[in-house]
Amino acid sequence: MSEKNREGKRSARERMLEERAADEARAKRNKKLGVGGVVAAVAAVAVVAGVVVQNQRSKPETPAAAPLGAIGDKKLMIPSGAANAPSVLTVYEDPRCPACGAFERSFAPTIDRLEDQGKLYVNYHIVSFIDRSLGGKGSKNGANALACAQDAGHFRDLHDVFYRNQPAETSDSFANKATLIKLSKQVNGLDTPAFESCVNDNKYGGWVSAVQQDFDKSSYKSTPTVLLNGTPVYPKNGDEPITAENLVKWVDAANQGKPLGTTGSGNESPAPTTTASEPNTPPSP
Amino acid sequence: MASQMAESPAGTEPVLRRAVDGPVGQWVGLAVRLALAAVWGWAGLAKIADPAEAAQAVRAYEILPESLVKPVGYGLPFLEVALALLLVIGLGVRAVAVVSAVLLLTFIGGISSAWARGISIDCGCFGGGGAVDVSKTEYLQEILRDCGFLLLAAWLLLRPRTRLSADAWLTA
């Protein structure tokens, strides 16, 4: 009897110990699961919060405001030359891109002349991706200033001045709005209070972002990207390299038998309107 | 080194073992934890400023459909920052290590794929990203760097117990 009793006692104690161990193991497992759940929840909340927050912060692909006379369904291109010219040159350029600077210094006189002859209608996409790879704001501020110049009817002039005075890619001097305004003084009649506040207030920042997002979604990966009537011609058109003579030759060949565009009516210069709203300026103290 | 260990299993091995498992190992674990936290924190914060840039970095891999480009570009940096915060406080270290390793393997896979397909992009690992000139691709460096980070994650996966962690405080 005593033997049986002792056995019963021991098994009771053993059972108790076993149960306690099982409880502890369960508690430990639950704690681990709880921590894992917290990690999963934190990760999920972070992702959702990121998508929501960044969606709100990102600038729309269709800009709320575009410079006067911008063309395209989202008004992302700045036109230069006669709209009814028989050939269209589409140019994607970043104000900070050295290859664009080299392209402009070689070809701007030729392109401007072809425009003035009514042979060529140029559509500029002023993109701003160098700021991403090198950091800085020169592409964006430069693009905004060009949009401001378009408002004032002086896009082409400022565009040419900027590329003639382009800083080295790594020295981001276009980020400095005072530098941009100083350069704008080289264009007669451009440097007005309206222009300066447009530059200083980054009036077309949203438009600049939309132009870049449109470039992001395009199949083009570098600047300058230059298309003559939709065909890439930079650095080569087929086997022929782009030169001033070749560009004129290609345009003339494409234009053969077609009437030239109407020029001389200040086609790229929308009249500055007095109703153009000025951004709010903070009250002076 | 290997032969030495084989000769005196009672000598070198316990020293090594103590370094990894003992109190010293937990301090090393703390350093590894904070190092990985710094990596995720830096990577995440660098990608938050410009959402369009983050989206383009994802798009440039030409792997995901356009409908997923923005969710990934917008959400990933916040996930990275969340991992950094969890690592700093040391909560759920093993789980965070698993997520870290999965992410890093995904990144290595993405970069390798871009390299194999001959497209030239910046990985966009710490901001930036998008298409670059062929001469400016750094696929090998990027992959080796991620492999280094993968070692940190592997350490924490195998030795999640570290000093000054919320995990240790919870189990105490």
Looking at A:V38, A:V51, which one is within 30 Å of B:R94 (Cβ to Cβ), in contact with a Leu (Cβ under 9 Å, 6 or more places away or on another chain) and without any contact (Cβ under 8 Å) to a residue 60 or more places away in the chain?
-> A:V38
Scan region B:159-171 and report the pairs whose first residue is in a helix (DSSP H, G or I) and whose second residue is among the β-branched types (V, I, T) and surrounded by 15 or more Cβ atoms within 10 Å (Cβ to Cβ), with Cβ atoms within less than 9 Å and a gap of 6+ or a chain change.
-> B:A166/A:V35; B:A166/B:I89; B:A166/B:V93; B:D167/A:V35; B:D167/B:V93; B:A168/B:T162; B:L170/A:V35
Checking B:V69 against (1) more than 7 Å from chain A (Cβ to nearest Cβ); (2) surrounded by fewer than 21 Cβ atoms within 10 Å (Cβ to Cβ); (3) free of Cβ contacts under 8 Å to residues at least 60 places away in the same chain; (4) closer than 28 Å to A:K217 by Cβ, the condition it does not meet | (2)
Set B:I143, B:I121: member being in contact with a Ser or Thr (Cβ under 9 Å, 6 or more places away or on another chain), within 12 Å of chain A (Cβ to nearest Cβ) and aliphatic (A, V, I, L, M) = B:I121
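Within region B:107-116, can one find any residue that is within 8 Å of chain A (Cβ to nearest Cβ), within 30 Å of A:A41 (Cβ to Cβ) and touching a residue at least 24 places away in the same chain (Cβ under 8 Å)?
For region B:107-116, residues within 8 Å of chain A (Cβ to nearest Cβ), within 30 Å of A:A41 (Cβ to Cβ) and touching a residue at least 24 places away in the same chain (Cβ under 8 Å): absent.
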Say whether the condition of being surrounded by fewer than 16 Cβ atoms within 10 Å (Cβ to Cβ), of a type in the set (V, I, T) and either over 30 Å from A:S219 (Cα atoms) or touching an Asp or Glu at 6+ places or on another chain (Cβ under 8 Å) (or both) is met by at least one residue in region B:160-168.
-> no
So which residues in region B:124-136 are of a type outside the set (V, I, T), without any contact (Cβ under 8 Å) to a residue 24 or more places away in the chain and not in a helix (DSSP H, G or I)?
-> B:D133
Can you name the number of the only condition in (1) modelled with pLDDT of 95 or more; (2) over 25 Å from A:T231 (Cβ atoms) that A:E115 fails?
-> (2)
Index of the failed condition, A:D157 passing every other in (1) in a helix (DSSP H, G or I); (2) under 21 Å from the mean Cα position of the chain (by Cα) = (2)
Among residues of region B:38-66, those that are within 11 Å of chain A (Cβ to nearest Cβ), surrounded by fewer than 18 Cβ atoms within 10 Å (Cβ to Cβ) and under 24 Å from B:A116 (Cβ atoms), counted = 2
From the set of residues in region B:82-94 that are at the interface with another protein chain (Cβ under 8 Å from one of its Cβ atoms) and surrounded by 21 or more Cβ atoms within 10 Å (Cβ to Cβ), which is nearest to A:P63 (Cα to Cα)?
-> B:A82
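For region B:137-157, indicate whether the set of residues that are in contact (Cβ under 8 Å) with a residue 60 or more places away in the chain and more than 20 Å from B:L86 (Cα to Cα) is non-empty.
No: zero hits.
The values are calculated or read from the model by the stated rules, or taken from the named source; none is laboratory data. The structure presented is a predicted model; accordingly, all values stated were derived computationally and were not measured. Note that we place each Cβ from the backbone using ideal geometry, even for glycine, and neighbour counts take in every protein chain shown.
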